[in-house]
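The values are calculated or read from the model by the stated rules, or taken from the named source; none is laboratory data. What you are looking at is a predicted structure, and each value in this text was computed from that prediction instead of being measured. With ideal geometry, Cβ positions are generated from the backbone for all residues, glycine too; neighbour counts draw on all protein chains shown.
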Amino acid sequence: MGLTSSSTRNGRISSNRSGNDKIVASTRAMSKALMNHLILSKIFYQVSIPDLKSCRLVSHDWADQAATLLGCRVYLHAHQLFVYHGSNLNLATPLVNQKLIKSLKIYEEFDTVAQKNKAIDIITKGLSMLISKDILHVSAFMGKYKICLELDIPEKLNVHPNLTSITFRPGELKENGSFHPLLQSLIDSAPNLTFLDVWASFPDLERCKKLESFKLYFHRSDRAINIDNITAMLRQVKNSLTEVELKYLNDAPGGYQRRSMDVPVMSKLASLTYDVGHECLHTKFLNEENLPALKNLSFKNSFASRKLSDRLNMWQRHRGVQSLTLELCYKHRQEEFAERIVQLFPNVGKFEMKMNFFAHSSIHEINRVMEQLKMWELEESNVDVDYLGQAALIVIILRNMSLWRAYSPAKAGF
């Protein structure tokens, strides 16, 4: 049996202790890193929403961070947070983790006829009951029921300083503007609003000094569009808007009104989408001077009540437009518009087109449309075709696309 000297034994002990110290130091560094909120956010962001909902986190810090991230990624059904005691709206118990109350979805759902205004009560009363003041997003879908016109809608709601996003869908209402007081009160309660997507008439945006993205769908009960109202509404947010989308939800508007008035210069507006089937923008507005930052332009056409060429004649030359999306319906087959559109927007590098063709569409008609659009030198092009007819039509479309002057291959979807 060999004998081990004390110096050798001490050396081994010292080596083991040094190794253990390194492991402890490494573990501590790892633990410290995993307590960093930025690192945790990166880790939890890779976890799917179902797994994030079901995972069990033993660390309170991890659970809080995961709940915060989950609250930002999903909408919480607001109806689960409230109950009625008689006719009084109250918070449900047990209370939900406040970190989850960031994005709320409000919709028409009630157990009894007496509670038919629950969605409205949540907006006018419930939001102010919540302990959390960190509500970021509210989406309200009010359904098809007719709001009681005698319902008392307060002009002012409690201020929600962190509310930056509102989506509002009033449904099909027989009474024009019935939900307007409710929507207006909600908008006014959010002084830091940056995103607004609504079906409405003409909301007052005077207090929306930070609004960046505005999507307005004129409600189908509005039988006339007053262009002056649209112009005045855009003037209220001319210094902040970067994106605007305007669309009309009725194919038979009663008429338009336009007076001579000053139109705003929207210095930051980079993206504009509007329905060319209806006249909703002032002709003095559509130029480089009033839209100096415009880069992305989309012509939608929900209905074929107006010629595309008529809408193009409303525009002045704009050399800043770099991306153009064009939606063509069957009535545009006979139109001559390509030469005009290239003259108006000569610097387009990205072009997207959506077309509708039918069984009676002739090869001549398709060639007529497609050949007009090969004048740009494109960096990217995409074509989406909805058609009912022979497969030979696809060949014609692809053949024409191959003649377009593009730096990258064109993409087509059928």
Please determine whether any residue of region 233-246 is modelled with pLDDT under 85, out of contact with any helix residue (DSSP H, G or I) (no Cβ under 7 Å at 6 or more places or on another chain) and crowded, with 17+ Cβ neighbours inside 10 Å. no
Test: residue in region 151-165 that is modelled with pLDDT under 75, surrounded by fewer than 17 Cβ atoms within 10 Å (Cβ to Cβ) and out of contact with any strand residue (DSSP E or B) (no Cβ under 8 Å at 6 or more places or on another chain): yes
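Let's see how each residue does on (1) of a type outside the set (Val, Ile, Thr); (2) at pLDDT 85 or above:
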site: Ile147; (1), (2): no, no
site: Leu183; (1), (2): yes, yes
site: Ser221; (1), (2): yes, no
site: Asp228; (1), (2): yes, no
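Quick grid of which residues meet (1) touching a Ser or Thr at 6+ places or on another chain (Cβ under 7 Å); (2) modelled with pLDDT under 75; (3) surrounded by fewer than 15 Cβ atoms within 10 Å (Cβ to Cβ):
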| site | (1), (2), (3) |
| --- | --- |
| Met355 | no, no, no |
| Phe358 | no, yes, yes |
| Ile363 | no, yes, yes |
| Leu373 | no, yes, no |
| Glu380 | yes, no, no |
| Val383 | no, no, no |
| Leu388 | no, yes, yes |
| Ser402 | no, no, yes |
| Gly413 | no, yes, yes |
Counting only residues that are surrounded by fewer than 17 Cβ atoms within 10 Å (Cβ to Cβ), in contact with a strand residue (DSSP E or B) (Cβ under 9 Å, 6 or more places away or on another chain) and modelled with pLDDT under 85, how many does region 111-136 have? 5
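Looking at region 204-220, which of the residues that are more than 22 Å from Ala270 (Cβ to Cβ) and of a type outside the set (Phe, Trp, Tyr) is surrounded by the fewest Cβ atoms within 10 Å (Cβ to Cβ)?
Only one residue tops the list, namely Glu206.
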All positions within region 336-350 that are acidic (Asp, Glu) and either farther than 18 Å from Leu297 by Cβ or modelled with pLDDT of 90 or more (or both): Glu336
